[in-house]
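Below is one structure, written out as structure tokens; the observations come after it.
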Amino acid sequence: MSDTRPLLIEFTADWCGHCEVFAPVFHDVAQALGDTVNTIVVDTQKQPDLAERYRITSIPTTMLVVDGEPVMTLRGVRSRKKLKQAIEQALNEGS
């Protein structure tokens, strides 16, 4: 059986200072969402094909993908509260 949960992606890179600041926020929100979503962190330097596929032009970028299609894209750093609200809103709109 395949997993059909939405995928929450953080696009980042080792050299990105803002990404270092945002990483714990992403991790905390992903934990708070629990089994609602699958999560992955993509290093754009190590996986440039994925960054190109999803047209990532700045990092950090957070993307929510449902059924293979992006339904939410946030560029830059967000607070835990704002990130969680945006994800929950996108999930509610998609159901």
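Mind checking whether some residue in the range 54-75 is more than 12 Å from the chain's Cα centre (by Cα) and in a helix (DSSP H, G or I)?
no
State which residue is nearest to PRO6 (Cα to Cα) when the search covers only the range 43-95 and only residues that are loosely packed, with under 13 Cβ neighbours inside 10 Å and of a type in the set (Asp, Glu).
Only one residue tops the list, namely ASP67.
Consider ALA51 against the criteria (1) of a type outside the set (Phe, Trp, Tyr); (2) at pLDDT 95 or above; (3) within 14 Å of the chain's Cα centre (by Cα): it satisfies all of them except one. Which criterion is unmet?
(2)
The values are calculated or read from the model by the stated rules, or taken from the named source; none is laboratory data. Quick caveat, the model's predicted, so the values are computed rather than measured. Don't worry about glycine lacking a Cβ; one is built from the backbone with ideal geometry, like all the others, and counts go over all protein chains shown.
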